[in-house]
Amino acid sequence: MAIVLNIETATTNCSVSLSKDGETLVLKEDNSLGYSHAETLHVFIDEVFKIANLKPSEIDAVAVSKGPGSYTGLRIGVSSAKGLCFALNKPLISISTLESLAHQVNIEEGFIIPMLDARRMEVYSAIYNSNHELHREIQAEILTEESYKDLLATSKVYFIGNGVSKTKDLIQHPNAIFIEGKLPSAKEMGLLAELKYKKSDTEDVAYFEPYYLKDFVALKKKN
């Protein structure tokens, strides 16, 4: 039984929600193409508290999307979450970005593959079964026409996330179902945060870092 502030900034979607007992009370997000997190995140945080008629001190925890995803987006979200935890003396809960994205898909059978776009033909992905249980751990993988062929041979496979656009051009199979236009959202974080809160599954605020999966590589600007 907890009131949790949820922060999702792993992609272009700057998303904030307040949840109570795992149910979303208020959601504010901007999924425009540009990264506006630095400008809008704290505005959204203030707005969800005002809409819910709650004070920051009334929450029980802060949950943050831990990655993988955008380096800059993750740093902004995690820094803000840690700052709030320090200021309010509240625990920090980390939520897998791909796990919360997978929870946007509800199926009775088959597999769910949430995927986030990386460079070129690479994606960050994981595989979940119809109960949202992890079937294959998170990986950075280069897509080919052979990707997921074993799963597709026997089951429906639902692909979701901004990595779908490059996947659907490669994989041509009747069992492949592509869910487009979806990004990780704080809306799905509330339930996952509640489950972790009940188990006291929290992070060390001082030492917690985002799950980047890969080292940051700075690209030089073209002349």
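Answer yes or no as to whether Ala10 is assigned to a helix (DSSP H, G or I) and among the aliphatic types (A, V, I, L, M).
no
If I ask for residues that are out of contact with any His (no Cβ under 7 Å at 6 or more places or on another chain) and either over 20 Å from Thr97 (Cβ atoms) or modelled with pLDDT under 95 (or both), which ones from the stretch 149-163 would you list?
Residues satisfying the conditions are Lys149, Asp150, Leu151, Ala153, Thr154, Ser155, Lys156.
Checking Lys156 against (1) of a type in the set (D, E, K, R); (2) more than 13 Å from the chain's Cα centre (by Cα); (3) surrounded by 17 or more Cβ atoms within 10 Å (Cβ to Cβ); (4) closer than 28 Å to Ser17 by Cα: exactly one of these is not met. Which one?
Going through (1) of a type in the set (D, E, K, R); (2) more than 13 Å from the chain's Cα centre (by Cα); (3) surrounded by 17 or more Cβ atoms within 10 Å (Cβ to Cβ); (4) closer than 28 Å to Ser17 by Cα one by one, Lys156 breaks only (4).
Please go through the stretch 117-148 and give me each residue that is at positive phi and at pLDDT 95 or above, ordered by number.
Selection gives His132, Tyr148.
When you check Ala193 against the structure, is it in a helix (DSSP H, G or I) and of a type outside the set (Phe, Trp, Tyr), yes or no?
Spelling it out, Ala193 is indeed in a helix (DSSP H, G or I) and of a type outside the set (Phe, Trp, Tyr).
I'd like to check something: does the stretch 66-80 contain any residue that is surrounded by 21 or more Cβ atoms within 10 Å (Cβ to Cβ), assigned by TED's automatic domain parsing to the domain that holds Glu188 and in a strand (DSSP E or B)?
Looking through the stretch 66-80, at least one residue is surrounded by 21 or more Cβ atoms within 10 Å (Cβ to Cβ), assigned by TED's automatic domain parsing to the domain that holds Glu188 and in a strand (DSSP E or B).
Residues checked against (1) within 30 Å of Leu18 (Cα to Cα); (2) free of Cβ contacts under 8 Å to residues at least 40 places away in the same chain; (3) not assigned by TED's automatic domain parsing to the domain that holds Ser79:
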site: Glu133; (1), (2), (3): yes, yes, yes
site: His173; (1), (2), (3): no, yes, yes
site: Leu191; (1), (2), (3): yes, no, no
site: Val205; (1), (2), (3): yes, no, yes
site: Glu209; (1), (2), (3): yes, no, yes
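Give me the pairs: first residue in the stretch 14-37 and modelled with pLDDT under 95, second residue part of a strand (DSSP E or B), beta-carbon distance under 7 Å, and six or more apart or on different chains, which are they?
Taking only residues 6 or more apart or on different chains, the pairs are Asp30/Cys14; Ser36/Cys14; Ser36/Asp30; His37/Cys14.
Within the stretch 39-49, how many residues turn out to be within 18 Å of Ala63 (Cα to Cα) and either modelled with pLDDT under 95 or of a type in the set (S, T, N, Q) (or both)?
Here the count works out to 1.
Could you please let me know if Gln172 is under 12 Å from the mean Cα position of the chain (by Cα), among the polar types (S, T, N, Q) and in a loop (DSSP other than H, G, I, E, B)?
Here the answer is no, as Gln172 does not meet what is asked.
The values are calculated or read from the model by the stated rules, or taken from the named source; none is laboratory data. Everything quoted here is computed from the prediction, not taken from an experiment. All Cβ positions, even for glycine, are placed from backbone atoms using ideal geometry, and neighbour counts span all protein chains on display.
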